[in-house]
Every structure is written in structure tokens, then in C-alpha cells.
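Structure first, commentary second.
The values are calculated or read from the model by the stated rules, or taken from the named source; none is laboratory data. Remember, it's a predicted structure, so these values are computed and weren't measured experimentally. Glycine also receives a Cβ, built like all others from the backbone with ideal geometry; neighbour counts cover every protein chain displayed. Accessible surface is based on the protein model in full, side chains and every heavy atom, while ligands, DNA and RNA are left aside. Shrake-Rupley method; radii C 1.70, N 1.55, O 1.52, S 1.80 Å.
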There are 2 protein chains.
Amino acid sequence: MKTVKTILEVRNQVQAWKKEGYSIALVPTMGYLHEGHASLIKRAASENEKVVVSIFVNPIQFGPGEDLDSYPRDLDRDTILCENAGANLIFTPEVSEMYYVDALTTVSVNGLTNGLCGAKRPGHFDGVCTVVSKLFNIVLPDKAYFGEKDAQQLAVIKRMAHDLNFPIEIIGCPIVREEDGLAKSSRNNYLSSKERQAALILHKSLTKGKELLSAGEKSAKLLKQIIKNELESEVLAKIDYIEVVDALSLTTIDIVDKPILVAIAVYIGKTRLIDNFIWESK
Amino acid sequence: MKTVKTILEVRNQVQAWKKEGYSIALVPTMGYLHEGHASLIKRAASENEKVVVSIFVNPIQFGPGEDLDSYPRDLDRDTILCENAGANLIFTPEVSEMYYVDALTTVSVNGLTNGLCGAKRPGHFDGVCTVVSKLFNIVLPDKAYFGEKDAQQLAVIKRMAHDLNFPIEIIGCPIVREEDGLAKSSRNNYLSSKERQAALILHKSLTKGKELLSAGEKSAKLLKQIIKNELESEVLAKIDYIEVVDALSLTTIDIVDKPILVAIAVYIGKTRLIDNFIWESK
């Protein structure tokens, strides 16, 4: 496995692979990789002959006051994880390699980004779409892999790829959890042990919601209330949002009569964590 | 030469060509082709093994009240011109093939689109960038050709391709003029014979401007005034804008001490025409 820092090196390597007829996968990440990322890379390696993992903490998807500067980084650890999971190339550019000082172009997906994290993090998804477009054009993969934990991101990227005719299949992969249910996240690293314990409330509250839906409840309002009650039982938790939306359009729904996305964002201390599940109505 | 209407047909043809190792050119047009377009296709054919011409009147780059519905169309004539100029494939999709009813994605180049036509036609360049991104992803050309007559469009597309790392070389081709100096344009078709005569004032006024610069004038204000005086001498002409801007950043300048773009938009009757020249300071 090779690690490169320039666009030119990626292009040369991918071009050589394409000449050999190899299929190419891209797994875009911000590094500080965990088993969630490993599952993406393994899936990519099982479905493609060559896997490129990008590791790039993308400044333009962070808002003012967010954790850009403190976002954890550990390339040595990441390299081992990538190697073990079956990656063939790591692309880890400097910010100056990705953004010219005078860059002026933005890719936006409207509508889908109005609610959920899009409402709470203005500009976030423009930053995501712009960097992912760039990575698509740099790597030119056949398939690209994203985690379902960032459910809105996955929906937005799928829509962008579809709308702009990127010749790339976008594949979502299931959330990977710790044994106790906490969704794997690079940001879990911020948690003190007390907060780590408190963070279980995200998964617990969603499990309560699922139970309610299993019992036949159709009211989105009641569903949100149950999740809210559960989250509020944890004193270290501060709710950022609880949303019940159409799984495709991400628009708010009142009655659960089609596939829905139930998504939450919760501050545990200063750390903002997200979790979600998709519910397919019977 | 083949004419196809679906994205799938373009992709299949281009893929077959790429397998043979052929280089691919794209010439995006809105049809009703003239010698300006022919010059782009000929240049593309001289530098690439296969040339794709897209003919698509892109609705999202027209504003309310603009000439989307009346924009001239003549595919039979266009086909002959493409064939004679050396094209290998015409891609002429229906609107429904290019835009899903629920398309939500926009590509924007900020800054560069604030002035000139961007100021007069809000949303125009978002529409251009979005459709060109789509065409780039559909055709996957090595090189794409645009006319210098749409100087701002050329600057915007170059910037977009650069910012988003499209692996495509953007090539600008010189304005082609009628014998009497009028820049070739599909919209010249709208002009009555009286208006056609009046339209000469665009090129005449720019020629006056060039003469002033040749004589050593450095004041952008005076340059604009001379062009304005000339344009106002034609009663059928109504000035939309006269701009003197930095040729790269398209920002307004006061003193001519670097390469500049001198661009005008003028209504002749109801028809809006544009013309321009680049001036490299000595």
C-alpha cells in the first residue's frame, strides 16, 4: 500500500490501474479511522480491485466555532488500519493541495440540506459536496463508499452524484457500533469516561423509538416525544435535534406511512454526536 | 456521424472510443450553429480523435422573460454543419433526459459571476456551470472547447474546471465575425435588416476603444466613455453594460496596467447582443 500527498500522484496511479482494467473504489474519510471506516474499506475491497482511501480534514465543511482545529489526527494508526482493511492507496493531501487560495466554486444540493445537520451547520453540506466532487474528479472511481451514520450526507451525496451525472455508484454501508451500542465515531475520542457512559443515551433513545414503531405507532410527534424523554433522562446530554423525516426527500413527516429516517444530534458535554436509523413501514 | 438523444448512448459510444485509445473532445452548444461553432468543432477535430457536439437549449440558464421559448432551433441544419466541421457524435437530449423533475444540485462559481452578464442575468451562470458539469460527467472528454465571444462564460468554466479538478483541458477559441465585423451569434437571427445594420455599432464601438488603448490611454473611465459615446450614436442601440475588468478576476479596474477584458452587452431592438476583446498591456 502506498501513501501519496499530491493530486498528480493519485492520478498517475489510478490511470495505471485503469490501463490494467482494474475497477477502482474510493472511500473518502477525514482520518482518525475506526471500525466504521474499516467496514467501508473492507466492503470496497470485496467489490473492487483497487481501493483508494482519502484522508483529509476538509476545512470548508466546518463552521466557525466547530472543531476543525481539534479534530483528531493520527496518520500512522490510520495507515495500519487501511492496510489491514485492504486499501491500496492512501491520498492524504495538505489543505493547499486541495484548495487554491482563490477557489470560487461551490457545489450545493438544495432542499435536502435544509433540515437536520444542514440546518444546524450552515454551509456544511456545500463543503462536503464540493470536496467530494473534487475527490470524484481526482480519483475517478467506479464506486464510492459512505457510512449510513451520516445519513443526511449519504442522501446528499447520492443526490449530487445523480443530479450531476457522476459516472460513479454511491454505496451506503451500515453503522458500526461499539459493543454497548454507541455508534463508532472519530469524535467519541473527545469524550471523558463519564461522558462516554452518558453517550449511550443516543442509541438507547433510538432503541425506544424503534420499539414504539414495532408496536405499530404511526405518530411522528409521539415518536419524537418518546426519544426526547429518554434523552432528557441523561443530565450530560443536550439535544441538538430529533427529526423524523421521509427517508428519501428528508422532509418532515407527521404520519409514519413510508420509509422514514429517524435522526438525532446530541451534545454530550462539548462533543456533538449523531445517530439514526431507517424504518421501513410495513 | 451519429446523433443520439440519451445519456446511455453517449456513454456507450465514448466508452467504446476510449477502449480504442481515442482522445475525446466536447463542444457544448445550444444549437442553431454558425461559423463560430464550426470553428470550435474544426479546432476540436484537429486536436482530438473523436469530437462530441452537444446541442441542448439549457432551460436553467435562461431567466424569467428571457428568450428560452423563442431560441432558434434547426437540428437538420446543425447536423450538416457538424458533419462538415468534423464532428463524430451529436448529443441532443430532451430536457427530461437532462433534468430529473426533482433535481436539487447546483454548481456555482462565486465572485467571477458578480459582474458583466452575471449581474444582468441572475442565476445564468449557475445554470451554465450545472449543465456543463453534467456534460463533462456524461461525455468525460479530454478537452472541451468554448468560444471567446462569451468571455465571462469561458472564464467561469475555466475556473470551475480548475476548482473542481475536472480532468479536462478547457480551450477558448477566438470570436468569429461576419465580413462587416458583427460577431457571429445564434441571436443575430432575431434581427430585422435594419437592426442587423444597427448591430454593427457593437464592433465599431469596441474598435474605437482599441484605437484609444493603442494610442496609450490608461484610463478605464475614458475608455468606457468613448465606447458609450459611439454606442449612443446608434438610435436602435440600448446599452445593457460596458465593462472594463481584469481579464483573470473579472473585477473592475480603473487603470489599464494589466491584461483587461473590455465587454459590452447591447440591446438592438429586443435582441441582446454581446461582444468583447482582450487587451494585453504593453
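The set of residues in segment B:97-115 being more than 8 Å from chain A (Cβ to nearest Cβ) and open to solvent by less than 10 Å² (accessible area, probe 1.4 Å) consists of B:98 alone.
Out of segment A:116-143, which residues are more than 9 Å from chain B (Cβ to nearest Cβ), open to solvent by less than 40 Å² (accessible area, probe 1.4 Å) and closer than 19 Å to residue B:137 by Cβ? Those that are more than 9 Å from chain B (Cβ to nearest Cβ), open to solvent by less than 40 Å² (accessible area, probe 1.4 Å) and closer than 19 Å to residue B:137 by Cβ: A:128, A:131, A:132, A:139, A:141. Taking the conditions (1) within 14 Å of another protein chain (Cβ to nearest Cβ); (2) out of contact with any helix residue (DSSP H, G or I) (no Cβ under 6 Å at 6 or more places or on another chain); (3) not in a helix (DSSP H, G or I) in turn, residue B:149 satisfies each one other than (1).
Residue-by-condition table, conditions (1) touching a strand residue (DSSP E or B) at 6+ places or on another chain (Cβ under 9 Å); (2) farther than 23 Å from residue A:183 by Cβ:
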| residue | (1), (2) |
| --- | --- |
| A:78 | yes, no |
| A:100 | no, yes |
| A:106 | yes, yes |
| A:136 | yes, yes |
| A:158 | yes, no |
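Checked against (1) modelled with pLDDT under 95; (2) of a type outside the set (S, T, N, Q); (3) crowded, with 18+ Cβ neighbours inside 10 Å, residue A:146 passes all but a single condition, namely (1).
Pairs linking a residue in segment B:205-231 that is closer than 13 Å to residue B:276 by Cβ and β-branched (Val, Ile, Thr) to a residue that is outside any helix (DSSP H, G or I) and open to solvent by less than 40 Å² (accessible area, probe 1.4 Å), with Cβ atoms under 6 Å and 6 or more positions apart or on different chains, are B:227/B:242. For segment B:24-60, taking the residues that are among the hydroxyl-bearing types (Ser, Thr, Tyr) and more than 14 Å from chain A (Cβ to nearest Cβ), the one that is nearest to the chain's Cα centre (by Cα) is identified as B:29. Applying a threshold of 9 Å to beta carbon distances and a minimum spacing of six or more residues, or different chains, the list of pairs starting in segment A:265-281 at a residue that is touching a residue at least 12 places away in the same chain (Cβ under 8 Å) and ending at one that is in a loop (DSSP other than H, G, I, E, B) and of a type in the set (Val, Ile, Thr) reads A:275/A:175; A:276/A:175; A:277/A:175; A:279/A:256; A:281/A:256. Filtered by the rule that a residue be in contact (Cβ under 8 Å) with a residue 40 or more places away in the chain, among the β-branched types (Val, Ile, Thr) and closer than 30 Å to residue A:19 by Cβ, segment B:1-57 gives B:4, B:6, B:7, B:10, B:14, B:24, B:27, B:41, B:52.
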